[in-house]
Structure formats: C-alpha cells, structure tokens
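Each reported figure results from applying straightforward, stated rules to the coordinates on display, with no laboratory input. Keep in mind that what you see is a predicted model, and the values were worked out from it rather than measured. Here Cβ is always computed from backbone atoms with ideal geometry, including for glycine, and neighbour counts include all displayed protein chains.
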Amino acid sequence: MSGVEPGDPFQDTIAAIATPPGEGSIGVVRLSGPHALEVASHVFVSSFGRDPRQFASHTIHHGHVVDSGTGAVIDEVVLVFMKGPRSYTGEDVVELHGHGGRVPVQAILNAVLRHGSRPALAGEFTRRAFLNSRLDLAQAEAVLEVVRAKTEAGLRAAVRQLRGGLSEQVDGLRTELLSVLASLEASIDFPEEGLDVPAVGDLEKRIYRIEEGVGALIQKARDGRLLREGATVVIAGRPNVGKSSLLNTLLGRERAIVSVVPGTTRDTVEEELEIRGFPIRLIDTAGLREEPRDPIEMEGLRRTREAVGRADLTIVVVDGSEPIAPLDLKAWSESPQPRILVVNKSDLKPAVVSAVYQNQFGVEPLSTSALTRQGVEGLRCEIGRLLGGDAAGEAILMVGPRHREALERAERQLERARGALGEGLSVELVAMDIRGALSALGEIAGETVTEAILDQIFRDFCIGK
Ligand SMILES: Nc1nc2c(ncn2[C@@H]2O[C@H](COP(=O)(O)OP(=O)(O)OP(=O)(O)O)[C@@H](O)[C@H]2O)c(=O)[nH]1
Ligand SMILES: [Mg+2]
C-alpha cells in the first residue's frame with residue numbers, strides 16, 4: 001500500500017465558487033495555493049489603493065474585481081486573506097465575496113482562472129486540508145456529513161467527528177496495539193528467550209481488550225448509519241386496527257386516508273419525520289389479510305411484505321377493542337426484530353386484559369389511542385430507544401461504511417493474531433496480523449491510505465468544498 005505523503009507541496013493554485021448556485025446575498029470564489037494572493041492581485045483593485053501582495057494574514061479588504069483586459073469593473077467585493085498554514089487547506093487562501101448571483105460569481109471565477117489558477121476538482125480544498133494535515137481523513141469525511149446532516153442530532157454527531165471524535169478513539173486502540181507489537185518484536189529480536197507462558201497469556205488478554213474496543217466501535221456504526229441515512233419504520237397489522245390513524249397521529253397531520261372500511265390503505269404510504277433526533281421514513285402499509293380479494297390487494301400485500309423486509313423497525317398494531325385474531329399473531333411472528341407491539345384504540349373498552357397479550361405474543365404491549373393520542377409519546381420514546389438510544393446523546397459517532405469495513409478487517413486480524421498466539425505459532429506470524437490490524441485502523445484517520453481511496457472519498461464532495 002503506497003502511503004500518501006502528508007504535506008506534499010502543491011505547485012498550482014486552485015479556484016472554485018464556494019457558494020451554492022443561484023441567487024444569494026453573497027457569492028464566494030475561493031482560491032487556495034502558493035500563488036493565491038498573486039492571482040488575486042491581478043484582478044482585485046483595492047478601494048484604498050493598496051497592493052494585495054502586501055496584505056497581512058487574516059485581514060479583510062474592500063475593493064472591486066476588474067477585467068484586467070478592459071479595466072471594466074466586474075463586481076464590488078470584499079477580499080479575505082488567510083496565509084497558510086493558518087487556513088482551511090493549510091495553504092494561502094484568498095476569498096472574494098461578491099454579490100450572490102450566478103453571473104457575477106462566475107465572472108469573478110473566470111477572471112481569476114485567467115491569471116494563473118486552475119479550476120478545483122470536487123473536494124480538492126478538503127483534500128488539500130487532509131494532505132497538509134489540517135484534518136485527518138475521518139475529519140475530512142465529517143465535513144461532508146456536516147453539510148448533509150438531516151437532523152440536529154446528526155449535525156452534532158458529525159461535528160463531534162469533525163473535531164476528531166472517531167479518530168481519537170481509534171488512536172487510543174492503535175497506541176495499545178503498538179505496545180503489543182513492541183512486546184512481540186522484542187521477542188523476535190531475541191529469539192533464544194522466546195515467549196514464556198505468562199507472556200502469552202498477557203498478550204492474549206491485551207489483544208482481546210483491543211478487539212472489544214474495535215467491536216464497540218463497529219456497534220456504533222449502526223447508529224451512524226441510521227443518523228445519516230435515516231431509519232425505516234414500518235407500521236403493519238390486520239386491516240382496520242388503526243395503522244393509518246397512527247401514522248397521522250405521529251406525523252401530526254392527516255396524511256393517510258382513514259376510514260371504517262377495512263382495506264382502506266391499498267398501497268404503502270411513506271412520510272418523513274424526526275423522532276429523538278433520528279430522521280425516520282415512516283411507512284404505513286395495506287392491512288395484512290389471509291385472502292386478498294383482488295389483484296390490487298395482492299400487490300398491496302406484496303408491498304407490505306417488502307416494506308417489512310427492509311424495515312429497521314416494525315410497529316405491529318392490533319385492535320384492543322377486539323379479541324386477538326390469528327392474523328395478529330401471524331403479523332407479529334412475520335415481523336423481524338426489532339419490533340414493537342402496539343395495542344391501539346385504548347379509548348374503547350378493551351376486549352382482553354393486558355396479561356393475555358403478554359401470554360400470546362411473549363412481550364409487554366404498548367397501549368395507544370390514535371384518537372386521543374394517549375400513549376403516542378411513549379411510542380415515540382420506544383422507537384428512539386430501539387433504534388439505538390437517543391441520537392441526541394453524546395455517544396453516537398458517525399462511523400461510516402468505509403470506517404466500518406476497516407474496523408471489521410482489524411477485528412478479524414486481531415482474532416487471528418490471538419488464535420495464532422494461543423496455538424503457539426511463530427511470533428513473526430502473530431506480529432504480521434497485528435501489523436495488518438494496525439494498518440486497517442490507520443486507514444480510518446488516513447495514516448495508511450491509497451490515492452484510489454482518496455479519489456473515491458473526495459469524489460462525493462462538491463466542487464469548492
Ligand atoms: N376509537 C378509536 N378508533 C380508532 C383508533 N384508531 C383508529 N380508529 C378508527 O378505526 C378505523 C380504521 O382506522 P384506520 O387508521 O383506517 O385503520 P388501518 O389499520 O389503516 O386500516 P386499513 O388501511 O384498512 O388496513 C377508523 O374508523 C378509525 O377512525 C383509536 O385509537 N380509537
Ligand atoms: Mg390504513
């Protein structure tokens with residue numbers, strides 16, 4: 001694996017529009033690289049007749065961007081200069097803040113591109129920040145998570161990662177692993193002394209503890225995924241039990257049609273909402289029945305099953321004013337974990353006592369009334385709890401798929417190292433696995449990473465980020 005040298009000198013200066021397309025109050029063109037100020041000096045005319053090349057770092061200047069050929073004013077701007085390494089990219093950065101509009105901002109960009117800068121690639125500013133060690137790789141990826149956060153809890157988790165949350169935890173594990181490796185290597189250097197039995201036991205224990213730490217981070221990957229992509233929560237059950245009514249009550253508006261006619265909902269109905277910080281895709285389904293009455297119901301049922309199949313959580317609703325039907329039990333047994341049993345219509349006279357549900361379904365049901373909202377807040381809490389606690393809590397890290405894959409690889413290597421140690425295999429073999437695990441963990445912060453991986457990560461960024 002060829003490592004990327006952090007701090008590679010970049011000869012070229014890049015430029016891009018940093019604000020979104022369309023009209024805004026300001027539009028920003030950003031320059032980064034060794035010639036940023038030089039490039040700006042060709043297009044910027046200070047209102048106070050000052051030479052941009054003399055600007056001090058971290059200062060702001062008023063002036064105009066002019067067409068160097070004709071001298072025509074392109075836009076009135078504010079120039080911000082940040083000298084490297086105290087800038088986002090670690091290089092000299094110049095920002096030109098003009099009037100937000102597609103034409104003026106593009107004209108400013110065109111002007112700086114004519115004077116020795118080139119268009120930036122997607123994510124190139126952040127990539128330079130990484131290569132100049134301003135951010136580690138997990139932090140660079142967090143920049144994208146911050147931009148794309150769907151809820152405030154998601155934003156907080158992303159910011160935590162941007163500040164080094166995940167890298168810090170991985171770093172702790174790497175440090176411990178390095179000390180294990182040092183012990184192993186000492187015995188490779190002095191083979192005549194070998195590893196004695198207590199030393200083996202001690203190393204096994206230390207590796208195991210690191211494995212546990214890695215496992216805990218993998219666990220958090222689930223929370224990270226749900227925060228980033230949102231969780232799919234499906235409401236299922238027999239016709240007429242109040243599934244659509246519950247969807248409406250959870251949403252706080254009359255989204256799905258509700259009626260006394262069983263079989264009202266024929267197609268799945270999807271809506272987005274936020275519960276305990278998790279972005280949720282809530283899906284109401286057609287009621288389950290033994291015998292679909294027509295091809296539409298047949299298709300509705302197929303869609304219900306498909307929705308339940310990809311649910312992160314299923315809410316199985318039964319009608320508390322009616323005796324338990326075989327289909328209620330079937331709906332429950334066909335729903336994968338995690339699932340919640342909801343006995344709805346608690347405002348009506350219950351048909352059976354609560355202990356009967358406990359007996360037949362094997363779980364304590366939640367009682368709700370979609371009509372009076374009784375128990376609906378409790379249902380929201382339970383949804384949040386089953387999805388992995390409170391997304392607003394401090395524990396959740398944005399462990400993305402790339403991190404997860406690297407963590408799983410590290411976990412496998414550690415397991416193998418521990419196995420090899422236990423079987424008394426050669427110390428070199430054990431050390432090799434430990435080095436593999438170290439390198440896998442190193443990929444997370446980007447200490448060991450290939451150009452191809454970097455390309456893949458930064459491809460998803462916007463140009464100008
Ligand atoms: N009293 C009472 N009636 C309810 C409650 N929830 C739903 N209902 C009534 O039960 C009937 C069926 O409600 P829906 O929400 O359409 O039931 P559903 O499960 O979506 O039914 P399908 O779409 O046919 O599968 C309607 O008349 C609702 O007003 C409740 O909590 N209390
Ligand atoms: Mg319905």
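For the stretch 13-135, DSSP calls about 90 percent of its internal beta bridges antiparallel. Restricting the GluC sites (Glu not before Pro) of the stretch 266-369 to loop positions (DSSP other than H, G, I, E, B) with no more than 14 neighbouring Cβ atoms within 10 Å leaves Glu290.
The stretch 17-47 and the stretch 101-180 have their alpha-carbon centroids 20 Å apart. A Förster radius of 56 Å combined with the Cβ-Cβ distance from Glu428 to Arg118 puts the calculated FRET efficiency at roughly 0.70. The convex hull defined by the C-alpha atoms of the chain has an orientation-averaged projected area of 31.0 nm². Between Arg53 and Glu306, residue separation times 0.36 nm minus the direct Cα-Cα distance comes to 84.7 nm.
A cut-off of 5 Å between modelled amide H atoms, ignoring neighbours fewer than 5 places along the same chain, links Gly100 with Gly24, Ile26, Gly27.
With Cα atoms defining each centre, the stretch 313-391 and the stretch 203-263 are spaced 15 Å apart in the structure. Here the calculated FRET efficiency for His99 and Ile60, from their Cβ-Cβ distance with R0 = 25 Å, stands at 0.90, rounded to the nearest 0.05. A P(r) calculated from all alpha carbon pairs of the stretch 13-135, with 10 Å bins opening at zero, reads 15, 49, 32, 5, 0 percent. Using Cβ point charges alone (K and R +1, D and E -1), the dipole size of the chain about the Cα centre works out to roughly 1480 debye.
With both bridge residues required to lie in the chain, what share of the DSSP beta bridges run antiparallel, to the nearest 5%? Approximately 60 percent, going by the DSSP bridge assignments.
Take the Cα of Ser68, step 7 Å toward its Cβ, do the same at Asp460, and the gap between the two points is 3.8 nm.
In order along the stretch 59-69, the Karplus-derived 3J(HN,Hα) couplings, from 6.51 cos²θ - 1.76 cosθ + 1.60 at θ = phi - 60°, round to 10, 10, 9, 8, x, 9, 8, 10, 6, 5, x Hz, and Gly and Pro are given as x. Counting only lysines at least 8 places from Lys349 when in the same chain, those with an alpha carbon closer than 23 Å to its own are Lys243. Please list, by residue number, every one of the trypsin sites (Lys or Arg not before Pro) in the stretch 1-108 that is coil in DSSP and has at most 16 other beta-carbon atoms within 10 Å. Listed in order of number, the matching sites are Arg50, Arg86.
Where only DSSP H runs of four or more residues are counted, the chain gives -14500 deg cm²/dmol as its mean residue ellipticity at 222 nm, each run worth -39500 (n - 2.57). Under a 5 Å amide H cut-off, with hydrogens placed 1.01 Å from N, Gly63 pairs with Ser47, Val77, Leu79 among residues at least 5 apart or on other chains. If R0 is 25 Å, the Cβ-Cβ spacing of Ala182 and Arg148 corresponds to a FRET efficiency of close to 0.05. Counting only DSSP beta bridges with both residues in the stretch 231-386, the antiparallel share comes to about 30 percent. For the stretch 139-190, the calculated P(r), taken from all Cα-Cα distances in 10 Å bins from zero up to the bin holding the longest distance, is 25, 30, 19, 16, 9, 2 percent.
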